[in-house]
Amino acid sequence: NTTGLKDAAKTFSVGTITRSSYISAGGRHTEILKEEFNNLTSEYEMKMNVMYPSQGNYNFSAGDAIVNFAQVNGMNVHGHALIWHNATPSWVENFSGTNAEFESMIEDYITTTLKHYKGKVRSWDVVNEALEDGSGHPLRNSIFRQKMGDNYVKKCFQFARNADPDVMLFYNDYNMASSATKRKAMFNLVDELGDLIDGIGAQMHISYNRPSTSSIQAVADGTVSRGLKLHFAELDIRTNPEKDANVSELSATKASAQKDKFKEVVKIYNAIPLDNKFALTTWGVRDNESWLLDFWGVPDWPLMFDENYNKKAAYEGFLEGL
Ligand code: XIL
């Protein structure tokens, strides 16, 4: 097949997410993965609460199913995410032991996971969403910061680099375009990592009408000027940021505005230098499977395929951005 998004986007990978249950169910979901995408991410099964449910007991079975599917079908895998405050198992949140024991437990976790997936996973989000949204200290006061100190992000990147010198290492966070303050904090954090980091993952949870083109461009420019890879990650484009609980379908106006925003994002990404290119990843295939429905609790249609797997105008927008 030479007509999918992955074929159209000649200079970067096109990614999406999946779940082990979707892989085992097969059907149209797996067909679309094969037709359209060449970079696969686990939606939640390669996070710490799933991979390391209790101390000394690793569980890679769900992640393995996704990685095997990707390998069999010639797709790359982007590992997401080693350290994330929102997917930390309770035994880690309530760790009983010294700070030194906590840190060596984290080193063991990162080392074990990267060695397990060595040669099978091309890239990892080492730390996800370390930055605070508000004012005050730029770092969220997560259990990792509390136990390992303000340089915990760098420590985690060093553990990952030691475990696998070949894998690409990313820092991933949200609101990189919409908040200039957070973007600056992110670039400061990244600058402290020196050559331990290969790339920046800018989560693209955006809306049909914001953030502005120039602020999205600023994320790309800052990444390119640092000589790093750019991952436009977790792309979904809300059509109901007004949070209207009664809207029952995607209007033609919103569909068209969403299409334009998809086009804009792809266009900005496609224009960066080849050396900085990596992947553009959508956070889901079908509208009705999007995490945003639960997260915001209102109807929305944020992806490129409708619930019947039909291509939306957004899909055409992606192609037109190339
Ligand atoms: C979300 C998944 O989509 C959900 O299924 C899961 O319950 C929670 O995590 N930012 C991230 C992603 O980095 O890992 C999140 O994914 C969405 C927000």
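At least 1 residues being of a type outside the set (S, T, N, Q), touching an Asp or Glu at 6+ places or on another chain (Cβ under 6 Å) and within 16 Å of the ligand (Cβ to nearest atom) is the threshold, and among the helices (runs of 4 or more DSSP H) wholly inside the range 235-322 those reaching it are 291-296. The selection criterion, being surrounded by fewer than 19 Cβ atoms within 10 Å (Cβ to Cβ) and either under 17 Å from M48 (Cα atoms) or of a type in the set (F, W, Y) (or both), holds for R145. Of the residues making up the range 1-15, just one is modelled with pLDDT of 95 or more and loosely packed, with under 11 Cβ neighbours inside 10 Å, namely K10.
Scoring T41 on the criteria (1) on the phi > 0 side of the Ramachandran plot; (2) within 16 Å of the ligand (Cβ to nearest atom); (3) not basic (K, R) leaves a single failure, condition (1). Please indicate, with yes or no, whether at least one residue in the range 183-196 is over 18 Å from W84 (Cβ atoms), surrounded by 20 or more Cβ atoms within 10 Å (Cβ to Cβ), among the hydrophobic types (A, V, I, L, M, F, W, C) and within 16 Å of the ligand (Cβ to nearest atom). Checking the range 183-196: not a single residue is over 18 Å from W84 (Cβ atoms), surrounded by 20 or more Cβ atoms within 10 Å (Cβ to Cβ), among the hydrophobic types (A, V, I, L, M, F, W, C) and within 16 Å of the ligand (Cβ to nearest atom).
Condition check ((1) touching a helix residue (DSSP H, G or I) at 6+ places or on another chain (Cβ under 6 Å); (2) of a type outside the set (V, I, T); (3) more than 27 Å from T98 (Cβ to Cβ)) across all residues:
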site	(1), (2), (3)
V127	yes, no, no
S135	no, yes, yes
N141	no, yes, no
G149	no, yes, no
V153	no, no, no
A163	yes, yes, no
N172	no, yes, yes
S178	no, yes, yes
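The values are calculated or read from the model by the stated rules, or taken from the named source; none is laboratory data. If you're wondering where the values come from, they're calculated on a predicted model, not measured in any experiment. Note that we place each Cβ from the backbone using ideal geometry, even for glycine, and neighbour counts take in every protein chain shown.
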